[in-house]
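What follows is a short report on a single structure.
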Amino acid sequence: MTGILIFSIIPQIMASMELYNDLISENKRFSQLKIKAAQLDESASSLLMSNKDKINQALPSRKPLLELLSGLNLVGQKTQVSFTDISLNPGKISTESAQLAETSSTKSSKKKKAKKSPPKYDVLNLDVTVTGGIDNVNQFLSEIEKIAPFTTIVDLALNERSDRSGLDEDSAQTVFEAKITVTTYFFTKEIAANVNALLQSELTVPERKVVEDLQDFTYTSLEQQSQIRGGGLENLFPNISAFPGLENL
């Protein structure tokens, strides 16, 4: 009789212990989620969240060809330079946008061991030739690296126009020609979100400096297209009669 009681009680004790361990684990998870919920509430008014639109424009998750051309046009108008040539070979215009994926820490660690992390960004190169007075050209070169998306000059050749038509009659200033190659960056890494992971408490000094610098960037507001349209669109570069290299699109 005693043996029957022992064998009937032991499974119940074991089940109770398992349930107790599960309860402790869930309480720990619940405490982590409460902390994260509080952090999310606080982050709504953080420097990062208040500038999220500018950050997304500065480092988009797709190939930003139209944004780059529009930004160059705005800077060209501002600095009063003339575009004489634009050439590019962008490859595929469309790329897969960065996707949000929920993963556990275990899966994440397995992926890291299985293969190297893919690059976090890709680049788009564009060759541009502009002409204008030396002050205008210098200002144009300076403004290029303050347009969204992030853009930098990787090659530059500056020459004085040899023909006499390159003289500005009003200011008697020689016209210069600048041939540049610009590189624009866009985000390509898949974003992994772990529900249990706590948020970063605050931005580092370099990260905060980047966000602050974005306040002085030039941003474009392109109309979102839902269908293919043709004809009647504004010519961003009226000084260029033809775009050499468009056959590569």
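Between D135 and S87, the contour length at 0.36 nm per residue exceeds the alpha carbon distance by 14.8 nm. Listing T151, T84, T184, T204 from fewest to most neighbouring C-beta atoms within 10 Å gives T204, T84, T184, T151. Based on the Cβ-Cβ distance from L48 to V123, what FRET efficiency comes out when R0 is 35 Å, to the nearest 0.05? About 0.90, to the nearest 0.05.
None of the figures in this text is laboratory data; all of them are computed from the coordinates on show. Keep in mind the model is a prediction, meaning the values are calculated, not measured. Glycine gets a Cβ as well: all are built from the backbone with ideal geometry, and neighbour counts include every protein chain shown.
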